[in-house]
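Asker: Take a look at the following structure, please.
The values are calculated or read from the model by the stated rules, or taken from the named source; none is laboratory data. Computed from a prediction, not measured in an experiment: that's the story for all the values here. Positions of Cβ are backbone-derived with ideal geometry, glycine not excepted, and every protein chain shown enters the neighbour counts.
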Amino acid sequence: MADVTRRIGLSLGADVCWPICYEEIVERLKLAIPMGGDTLRFEVERLTIEPFDLRQPVRYDVVLDRLTHWYHTSREWIKKAVVMNDLYVLNNPWSIQSNEKHTSYCAMMRLGLPIPETWLLPPKEYEPAADLQVTLERYAKFFDLGKIGERVGYPHFIKPYDGGAWVGVSKIGNRAELVEAYDASGKRIMHLQSAVEPFDLFARALGVGPQVHVMKYDPAAPLHDRYKVAFDFVTAEEWQTLANLCLTINAFFGWDFNSCETLRRDGVFHPIDFANACPDSQVTSLHYHFPWLVKAKVKWSIFVAATRRKMRWNLDWAPFFEIADGDEPFPEKLKRYARLAHQRFESDRFVEFCAEHLRHVDEVTWEFFGTPTAKEAVRKKVEALFPAHEVEQFTEHFWGLIQFWRKTEGEYLGLGPERAGA
């Protein structure tokens, strides 16, 4: 029996808080997993940006990627490492690169998900190109923007077809507002999407592998208060529906890590934004929910690295479309999509692995988030976002919410009040 090191790489940009917590928890787990006659140990390293030989070996078994959705040098290294070195990456770089919001809307419409009415508009302006003018003169059809707005219905949203972080998004209440927003959109290709109104719940489901966490969300609140600390805001059946929607989308696009936004109207959940394969992971927004995310990343990445889980390089949509083309009502189709997703995520194997090798991860995570190291990670993120005179106030605010998580988590784990106050 030999000691074998599995290495997990973190591909990072501006992330501050979760990498610190992730690294600390992995170290505190002191893992020595027997597998295949060897003992597996784990190291975590942060990837650097530098020139690379396309034939150079890769020292990592899995990489958690939070950078390459916008930084192309790292994206090309990751693509090389997947193709040449069988690296497993969260998330598949080709899927992120090619499947923007527009594709995700089309695909989920095909699967029967209740996506709101959505239209795509040609851009208001164009980058100069040699054949642009003749192409537009021959084939671009004049259209009445106001009539399209009426077809979609007011109110609706105008938003970039491939955007994120609420950039370029406007709520439109009438024709004049639509014309003004379209004129201001410049060279962006825009969607018009019908508003789901009135709705009585905005929920966001965060998925990491087969793990799903459902949160109540308020997009009108300040960024630090959008994710609500709320309990029992959905029934068990509704929670399962939200989890199934999230898992279906993630498995369809080969995303190990993604979030799905839905609005509930008349008891039906309408997915409105779910191409979020690099979702918000910061303590300054997730606060109470932040420890769940860090723990979920730890469990899934350790499982992937330990079992040498094979990455699905190519997307296979046919099994989903076969279900979609059947005659079953949508709720039954969604259950079948979810079963297919669980097969792709090896959910049963993951649960068994965690029960055998990661039994202590809950308690280790709970203990860590009561330490000065965890509080310093919170402070560093606050310092990166807030003005100096608000750092102390918001550090204590987010830290207090994490301690409330420790209280509720401690009660759930049966750690006892004397330890919950540690």
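Asker: May I ask you to say which residue of 295, 310 is charged (D, E, K, R) and either in the same structural domain as residue 88 (by TED's automatic domain parsing) or buried (at least 23 other Cβ atoms within 10 Å of the Cβ) (or both)?
Answerer: None of the other options fit; the residue is 295.
Asker: Could you check the stretch 71-82 and list, in sequence order, the residues that are without any contact (Cβ under 8 Å) to a residue 40 or more places away in the chain and of a type outside the set (D, E, K, R)?
Answerer: 72, 73, 77, 81 - these are the residues of the stretch 71-82 that are without any contact (Cβ under 8 Å) to a residue 40 or more places away in the chain and of a type outside the set (D, E, K, R).
Asker: Quick test for you: out of 75, 59, pick the one residue that is farther than 21 Å from residue 2 by Cβ and among the basic types (Lys, Arg).
Answerer: Exactly one residue qualifies, and that residue is 75.
Asker: Among the numbered criteria (1) buried (at least 17 other Cβ atoms within 10 Å of the Cβ); (2) under 17 Å from the mean Cα position of the chain (by Cα), which one does residue 103 miss?
Answerer: Failing condition for residue 103: (1).
Asker: Just a yes or no: is a residue in the stretch 365-373 modelled with pLDDT of 95 or more, polar (S, T, N, Q) and closer than 25 Å to residue 241 by Cβ?
Answerer: The answer is no; no qualifying residue exists.
Asker: Please go through the stretch 303-336 and give me each residue that is in a loop (DSSP other than H, G, I, E, B), closer than 30 Å to residue 61 by Cα and among the small types (Gly, Ala, Ser), ordered by number.
Answerer: none
Asker: Hey, could you check the stretch 332-374 for residues that are within 30 Å of residue 237 (Cβ to Cβ) and among the polar types (S, T, N, Q) and say which is surrounded by the fewest Cβ atoms within 10 Å (Cβ to Cβ)?
Answerer: Filtering first and then ranking leaves 343.
Asker: Enumerate the helices (runs of 4 or more DSSP H) found wholly within the stretch 130-184, keeping only those where 3 or more residues are surrounded by 11 or more Cβ atoms within 10 Å (Cβ to Cβ) and in contact with a Lys or Arg (Cβ under 9 Å, 6 or more places away or on another chain).
Answerer: Here the list reads 145-152, 175-184.
Asker: As an exercise: evaluate residue 102 against (1) at pLDDT below 95; (2) not in a helix (DSSP H, G or I) and give the number of the one condition it does not meet.
Answerer: Result: residue 102 fails condition (2) only.
Each row is one residue, and each column tells you yes or no for (1) on the phi > 0 side of the Ramachandran plot; (2) buried (at least 20 other Cβ atoms within 10 Å of the Cβ); (3) in a helix (DSSP H, G or I).
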position	(1), (2), (3)
5	no, no, no
10	no, yes, no
20	no, no, yes
26	no, yes, yes
49	no, no, no
64	no, yes, no
68	no, yes, no
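Asker: Checking the structure you have, find out if any residue of the stretch 32-39 is farther than 30 Å from residue 379 by Cα, part of a loop (DSSP other than H, G, I, E, B) and within 26 Å of the chain's Cα centre (by Cα).
Answerer: The answer is no; no qualifying residue exists.
Asker: Do we have residue 77 as farther than 23 Å from residue 303 by Cβ, of a type in the set (Phe, Trp, Tyr) and not in a helix (DSSP H, G or I) here?
Answerer: So residue 77 does not fit the description; no.
Asker: Moving on to the next point. Without any contact (Cβ under 8 Å) to a residue 24 or more places away in the chain and more than 25 Å from the chain's Cα centre (by Cα): which single residue out of 51, 57 fits that description?
Answerer: Going through 51, 57 in turn, the sole match is 51.
Asker: Among the residues of the stretch 60-76, write down those that are within 20 Å of the chain's Cα centre (by Cα) and not β-branched (Val, Ile, Thr).
Answerer: 64, 65, 66, 67, 69, 70, 71, 72, 74, 75
Asker: Right, next: Given the criterion in contact (Cβ under 8 Å) with a residue 60 or more places away in the chain and assigned to a loop (DSSP other than H, G, I, E, B), identify the matching residue among 113, 120, 206.
Answerer: Of 113, 120, 206, the one residue that is in contact (Cβ under 8 Å) with a residue 60 or more places away in the chain and assigned to a loop (DSSP other than H, G, I, E, B) is 113.
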